[in-house]
Amino acid sequence: MSISPIHHTNISVTDLDRSIAFYRDVLGYRVNMRAPVDRPEFQRYMHLDPETTGEMAMLHTGDSPTVRMLELIKWSPPVANPTPPKRAADPGPC
């Protein structure tokens, strides 16, 4: 059995510029695009409240700009009560 390359994963961030700088300058990702998240299709696809918007950036690493991508999103308004940080033994992303 073979597994296809992963297209992208998404990370919600509190500071988009700082997050882009980390992935670009420290880990070597390249920015593919940056755009607002404010269209009705985003709200339907992501099951967002109508007043929720944001800004996103797509970054990639490696030779292909269509796989191994990372999507960073800063939501507006920010979540009022974010979940606590994950601990090393918690299931899910840490």
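Read-outs: derived from the displayed coordinates by stated rules, not from any lab. Nothing here was measured: the structure is a model prediction, and the numbers come from that model. Using ideal geometry, Cβ is built from the backbone for each residue, glycine included, and neighbour counts are taken over all protein chains shown.
Beta bridges per DSSP, both residues in region 5-75: antiparallel share near 70 percent.
The sum of -39500 (n - 2.57) across all DSSP H runs of n ≥ 4, divided by the residue count of the chain, sets its helix-only mean residue ellipticity at 222 nm to -3500 deg cm²/dmol. Here the dipole of the chain is about 240 debye; that uses its Cα centre as origin and unit charges on the Cβ of Lys and Arg (positive) and Asp and Glu (negative).
With the biggest extent put first, the Cα atoms of the chain measure 39, 35, 33 Å across the principal axes.
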